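Below is one structure, written out as structure tokens; comments come after it.
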């Protein structure tokens with residue numbers, strides 16, 4: 001009987017140890033479930049938006065092709081945007097259609113639109129008016145080294161109204177808090193004083209100067 005009781009105590013001890021291990025495993029699984037996965041990122045293909053006071057950022061739509069075609073082929077900004085050749089409307093539409101996932105495409109373009117969304121009446125009743133004032137890009141997305149480049153364009157008619165600063169602020173928060181990036185960088189022409197002012201305002205630091213091009217960087221601390 002004494003030997004049987006000893007065996008029973010040993011069995012109970014083993015069961016208790018197994019239950020403890022199971023609780024530890026469940027705790028680890030719960031912790032893993034709290035980590036942001038790619039599936040939980042904002043799905044810009046479904047028009048989820050990043051919203052500020054003056055503007056919001058949204059996914060590209062095929063209806064944006066005309067305005068993007070205009071911006072991309074504006075020769076007056078080629079010098080500061082490093083554009084080397086004109087784009088056809090078909091190229092623009094293909095770019096919009098193929099943009100699906102930043103992890104696959106290594107880039108993301110979002111439209112900068114005025115907020116709040118204005119309403120206007122048309123033949124088919126009231127509809128939303130989403131006035132696009134520019135676009136902002138993440139490019140060279142590097143998941144391994146947790147870094148990406150940023151580029152921004154504001155339509156000439158809508159500059160000097162704070163839209164660029166707010167769009168950049170929204171994308172910085174998205175990049176650091178949702179994509180978990182550690183570094184954002186940009187290259188700004190020496191001729192583009194307005195862009196330099198915006199990036200410096202958001203704490204980007206100059207890390208290199210080559211001819212007429214400044215390289216700036218923002219590190220997530």
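What's the exposure ranking of 106, 147, going from fewest to most Cβ atoms within 10 Å?
106, 147
Once you place label points 7 Å from the Cα toward the Cβ at residue 77 and residue 160, how far apart are they in nm?
It works out to 1.7 nm between the two label points.
Every number here is computed from the coordinates shown, using simple stated rules; none is lab data. It should be emphasised that the depicted structure is a prediction, and the values quoted were computed from it without experimental measurement. Neighbour counts are summed over all protein chains in view; Cβ atoms, including those assigned to glycine, are modelled from backbone coordinates with ideal geometry.
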